[in-house]
Every structure is written in C-alpha cells, then in structure tokens.
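Structure first, commentary second.
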Amino acid sequence: MGKRSKNKKAVNKDAWLNTYADMITLILVFFILLFSMSTIDAAKYKQLVEIFNPAAVYETTGTATESDGSTSPNEDISVEEIVDLEDLYQYLSQYTKENGLDEAVSIEKYEKAVSIKFMSSIFFEPDSSRIKPGGQQVLSDIGQAFKAVEPTIKSIRIDGHTAQADSPVDDRDLSSSRANEVLRFLQNGYITDPAKLLSVGFGQYRPIAPNDTEENRAKNRRVEIIISETEDFFSDIATGTDTVAQ
C-alpha cells in the first residue's frame, strides 16, 4: 500500500504582528489617559464623580456654601437658563467674579435659600439711601436673575444694616430706608408678586465684624438679600416671634 499524503496546514508566520499591534495600541491609549489625567479640570472631574456617585459630598464647612471669588461655578450659565436656586447661586457667583465684586459681595447657598451680602458702598453714598447709578446697574443685573427664579421661590427679604459711627442720620432709619429702596427697585421692574417682598432695617445691631476699624465698619454697612423657597419668616413675624431666617 502506498503512503498516505498528509495535508499540512499553512502557518502564518506574521500572525504575531497582530498581537504586537494590539499591544502598542493599548500602550498608546494608556499614555493618553495618563496625560489627560495630569491636566484634568477639577470642576469637570467633580461632575464626573457626581455622575457615578451621587452621594459624594464636597461641602464640609457648615450649613452654607460661600462664594468669595476663590471658587467658580462648574460652567457658565445665562439668565435664560436659571430655573431654581442652584442655578441662581451659580449665576450670582459667576456674575460677581466677572464684574470684580469679589471683595464687596459674598454669596451663601443654603438648603432652601440663597443669601447675598452687598457692602452698602455698592449701592449708596455715606448717610444716603438714594441708590447710585452703579448700584442701579448691579440691581438691574441681579434683578433679571431674581425674575427668572421667581416662579420657584416664595419670598425675598432685603435686610439693611449700618455700623456704629458718628453720624447725623439715625441708624435705624437709614438701614430701613436703604432696604426699602432696594425693595422698591426690585418691585418696580423685576418681581411681579409684591407679596413675596419684605424689607427689614436692623440698624447697627447685627454686626458681622467688630466696629473697631473703618474696614470692619465697612463690612457691617451692608445690604443682604435672602431668596427663599419658603415663607416661614412671614409667619414668624405675623405671630410676633423674634425668629428671623438668616
């Protein structure tokens, strides 16, 4: 009998090149990832973490988040995009930074409210309750933001504060007049429901700094606007209690 002929399977001697090419590709992707991580944007990274872990907590300093210009919003937001207090806080933080108001304005975000503190010098001349043209422009800008968020909020309170100093003007009258002027400005052009607006004059009796230097007194001379999703402080006032949302 003749010998059977065996079919030899052809061997592809270049097959290793496919594996080598895959390895090179993976190494390239790995180095690209390393490079991208070395230049990662902190805000975008935070957004990414929040997507995968909604329970992640970033704010660990008390009940409020304060913007003093050292941090910026995650991304730019326009007035047209404002729908809630979170958007409002982001817009106001962005606005103060873009307009160089970091030293004169502070913003705090609470669970159901946003508080904006303005040094009185932004709006008023000393011992005056007439709003300056520059102050009117600032109120116009933030008034548009308040108007956008008005459907989702219940109350806007304007607090007037003065400082201990020699002045011919009564501090209670001055703080009340300033708060009322800001209220009227917002009511006349931006807030459609006047029932949501309230002004309070505290005079010199709620300082946030000692009245020992002119710099500290300037901090105490301020106008604070509190935008809230609740109207609890209206009921507090109606019942005669001393509780004030702050």
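Only the coordinates and a few stated rules stand behind these numbers; no lab work does. Quick caveat: nothing in here was measured; it's all calculated off a predicted structure. With ideal geometry, Cβ positions are generated from the backbone for all residues, glycine too; neighbour counts draw on all protein chains shown.
Multiplying the residue separation of Arg130 and Ala21 by 0.36 nm and removing their Cα-Cα distance gives an extension gain of 31.8 nm.
A cut-off of 5 Å between modelled amide H atoms, ignoring neighbours fewer than 5 places along the same chain, links Phe124 with Lys132.
Quickly rank 193-205, 150-162, 125-137 as a protection proxy: mean count of other C-beta atoms within 10 Å, highest first. Don't skip to the end; give the middle numbers.
On the way: 193-205: 16.8, 150-162: 21.2, 125-137: 13.6.
Packing order, densest peptide first, comes out as 150-162, 193-205, 125-137.
Using the Karplus relation 6.51 cos²θ - 1.76 cosθ + 1.60 with θ = phi - 60°, the per-residue 3J(HN,Hα) values for the stretch 222-231 come to 8, 10, 10, 10, 10, 9, 10, 7, 10, 10 Hz, with x marking Gly and Pro.
Exceeding 25 Å between C-alpha atoms, which entries from my cross-link table qualify? They are Lys97/Lys132; Lys196/Lys219; Lys109/Lys154; Lys132/Lys219; Lys97/Lys154. Mind showing how you got there, number by number?
Details: Lys97/Lys132 21 Å; Lys196/Lys219 27 Å; Lys109/Lys154 16 Å; Lys132/Lys219 19 Å; Lys97/Lys154 27 Å.
The pairs that break the limit, which is 25 Å between Cα atoms, are Lys196/Lys219; Lys97/Lys154.
Extension gain for Thr213 to Lys147 (0.36 nm times residue separation, less C-alpha to C-alpha distance): 20.0 nm. Residues whose amide H comes within less than 5 Å of that of Val200, counting only those at least five positions distant or on another chain, are Ile158, Asp159, Gly160 (H built at 1.01 Å from N in the peptide plane).
Karplus-based coupling profile of the stretch 119-126, in residue order and whole Hz: 5, 4, 5, 5, 9, 10, 7, x, with θ = phi - 60° in 6.51 cos²θ - 1.76 cosθ + 1.60 and x standing for Gly or Pro. Our coupling estimate for the stretch 82-99, obtained by passing each phi through the Karplus curve with A = 6.51, B = -1.76, C = 1.60 and θ = phi - 60°, is 6, 10, 8, 5, 5, 5, 4, 4, 5, 5, 5, 4, 5, 5, 5, 5, 5, 9 Hz, Gly and Pro reported as x. In a fully extended conformation the segment linking Leu33 and Asp193 would gain 52.3 nm over its present Cα-Cα distance, using 0.36 nm per residue.
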